[in-house]
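Everything on this sheet refers to the single structure shown next.
The values are calculated or read from the model by the stated rules, or taken from the named source; none is laboratory data. Since the structure is predicted, the reported quantities are computational estimates derived from the model, not experimental observations. Cβ atoms come from the backbone with ideal geometry, glycine included; neighbour counts cover every protein chain shown.
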Amino acid sequence: MTELNLLMVGAGLSGAVIGRMMAEAGHKVTILDERDHVAGNCHTERDAETGVLVHIYGPHIFHTDDAEVWEYVNRFETFLPYNHRVKTTSQGQVFSLPINLHTINQYYGKTMRPDEARAHIAEIADTSIETPQTFEEQALRFVGPDLYEAFLKGYTMKQWGVSPTDLPASILKRLPVRFNYDDHYFFHQFKGMPQDGYTAMVERILDHPGIDLRLGQRFSREMAERFDHVFYSGPLDGYFDYALGRLGYRTLDFEKFTEIGDYQGCAVMNYGDPDVPYTRITEHKHFAPWEDHEGTVCYREYSRACGADDIPYYPIRLMGEMEMLGRYVEHANQEGGVTFVGRLGTYRYLDMDVTIREALDTGRAFLKHAADGTQMPAFSKPPL
């Protein structure tokens, strides 16, 4: 196969995984990132004051049922066992999440068995809502007004900045209640946290003689002319200079503070009451329970609308955004020579394992197209 000159825009998971595959296939790879570090929003670094490994852009917990993805990340980093648990402070008490039998019994002051709790929830649920259309209808249909008000409504309003009556039911995808005492947040087969952090993992992925990494450098479309193909993991609308408008995102503000000892006793404490301005507090040393630190680093997390100079986190994907997205997809499909990848490039919320899976699939698809002499499409995973 003829050596190709390829450009990866973004040194996050998508750019790193695709770039590594292209370099191992014998191609010349340049990776640009406007930030001064790799790993994108997964970036981790040691806090200078406490030594705690901090998830700079908020916590990322690795969980997957994809054995190949699990094998891939463990090729570049040692993942140690970690079971994620979340608590929430609501109405003056601390409860376990997701809503489980302990949460239900504690909230109602009962000692119900699973069948009794299931019958109780069925009795208070609004069964008149046969086909829920909104987030609120979905919640009322499956857990009733009490648990909805205590655990879902306020948090959702703060996270998304709109009423739950304006959000689609699909956001609340699964039945948000368990009728046993299992408070593990994730049920996936493979779960863990990287011993040295995600940044160390991505640095090892990028450690290949065929990769030229350039940090602190912004991409411009004129650069694409110097490469045989571009893999772009930046904002889809940003690639087109926001010509059709800006796609909507939520962004996050973090209020960092340090303490001595253990501040809250868990990695994540949600705050469901609407009068508390932040959505949660994360305590980062609990994400690496194998380490021992006298001090601790915490983040209060605030969600708000994403401005032009903010870091985009969560794509909103409501009706107006989806219409605009459709027009941008049309433009992308006509572009040629560029493939849009990742969370920003496809305007979809993606967990890390899905991001890596799609990057592996995209890389393999490109190598096949290159071998066949055919054109790689703009999206290997269409946004719509």
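Among Ala25, Ala67, Ala48, which is the only one that is of a type in the set (Gly, Ala, Ser), over 30 Å from Val276 (Cα atoms) and either surrounded by fewer than 17 Cβ atoms within 10 Å (Cβ to Cβ) or free of Cβ contacts under 8 Å to residues at least 12 places away in the same chain (or both)?
Going through Ala25, Ala67, Ala48 in turn, just one is of a type in the set (Gly, Ala, Ser), over 30 Å from Val276 (Cα atoms) and either surrounded by fewer than 17 Cβ atoms within 10 Å (Cβ to Cβ) or free of Cβ contacts under 8 Å to residues at least 12 places away in the same chain (or both): Ala67.
Test of understanding: among Arg357, Arg348, which residue is within 17 Å of Met324 (Cβ to Cβ), in the same structural domain as Ile18 (by TED's automatic domain parsing) and not aliphatic (A, V, I, L, M)?
Arg348
So, Thr156, is that one among the polar types (S, T, N, Q), more than 30 Å from Ala370 (Cα to Cα), surrounded by 15 or more Cβ atoms within 10 Å (Cβ to Cβ) and in the same structural domain as Trp70 (by TED's automatic domain parsing) or not?
Taking the combined requirement at face value, the residue does not satisfy it.
Quick check on my filter: what residues within segment 77-100 are aromatic (Phe, Trp, Tyr) and surrounded by 18 or more Cβ atoms within 10 Å (Cβ to Cβ)?
Tyr82, Phe95
Conditions: (1) among the basic types (Lys, Arg); (2) buried (at least 20 other Cβ atoms within 10 Å of the Cβ); (3) part of a loop (DSSP other than H, G, I, E, B). Arg35 meets all but one. Number of the miss?
Failed condition: (2).
Given (1) under 24 Å from Phe62 (Cβ atoms); (2) modelled with pLDDT under 95; (3) in the same structural domain as Pro235 (by TED's automatic domain parsing), where does Lys381 come up short, assuming only one miss?
The one condition Lys381 does not meet is (3).
Can you find a residue that is under 29 Å from the mean Cα position of the chain (by Cα) and under 15 Å from Gly272 (Cβ atoms) anywhere in segment 121-135?
Yes, there is a match, as at least one residue in segment 121-135 is under 29 Å from the mean Cα position of the chain (by Cα) and under 15 Å from Gly272 (Cβ atoms).
Give me the helices (runs of 4 or more DSSP H) completely within segment 308-384, filtered to those with at least 3 residues that are surrounded by fewer than 19 Cβ atoms within 10 Å (Cβ to Cβ) and in contact (Cβ under 8 Å) with a residue 40 or more places away in the chain, ordered by residue number.
Qualifying helices (runs of 4 or more DSSP H): 319-335, 352-372.
For segment 247-258, does any single residue satisfy the condition of being under 18 Å from Asn41 (Cβ atoms) and among the aromatic types (Phe, Trp, Tyr)?
Yes, segment 247-258 contains at least one residue that is under 18 Å from Asn41 (Cβ atoms) and among the aromatic types (Phe, Trp, Tyr).
For segment 21-33, what are the residues that are of a type in the set (Asp, Glu) and in contact with a strand residue (DSSP E or B) (Cβ under 8 Å, 6 or more places away or on another chain)?
Selection gives Asp33 alone.
If you go through segment 251-268, how many residues are in a strand (DSSP E or B) and farther than 30 Å from Tyr347 by Cβ?
Residues flagged as in a strand (DSSP E or B) and farther than 30 Å from Tyr347 by Cβ within segment 251-268 amount to 4.
Suppose we keep only residues that are within 27 Å of Val276 (Cβ to Cβ) and of a type outside the set (S, T, N, Q) within segment 101-120. Which one would you say is surrounded by the most Cβ atoms within 10 Å (Cβ to Cβ)?
Filtering first and then ranking leaves Ile104.
In the list Leu152, Leu140, which residue meets the criterion of being farther than 30 Å from Glu24 by Cα, part of a helix (DSSP H, G or I), aliphatic (A, V, I, L, M) and within 23 Å of the chain's Cα centre (by Cα)?
Exactly one residue qualifies, and that residue is Leu152.
If you check every pair at least six apart or on different chains, which have Cβ atoms under 8 Å apart with a residue in segment 212-223 that is closer than 15 Å to Gly12 by Cα and surrounded by 13 or more Cβ atoms within 10 Å (Cβ to Cβ) first and a residue that is among the aromatic types (Phe, Trp, Tyr) and modelled with pLDDT of 95 or more second?
Phe219/Tyr232
Restrict the check to segment 159-178 and report whether at least one residue is over 26 Å from Arg250 (Cβ atoms), outside any helix (DSSP H, G or I) and not acidic (Asp, Glu).
Checked against the condition, which is being over 26 Å from Arg250 (Cβ atoms), outside any helix (DSSP H, G or I) and not acidic (Asp, Glu), segment 159-178 yields at least one hit.
Return the total of residues in segment 98-117 being closer than 30 Å to Leu13 by Cα and at pLDDT 95 or above.
0
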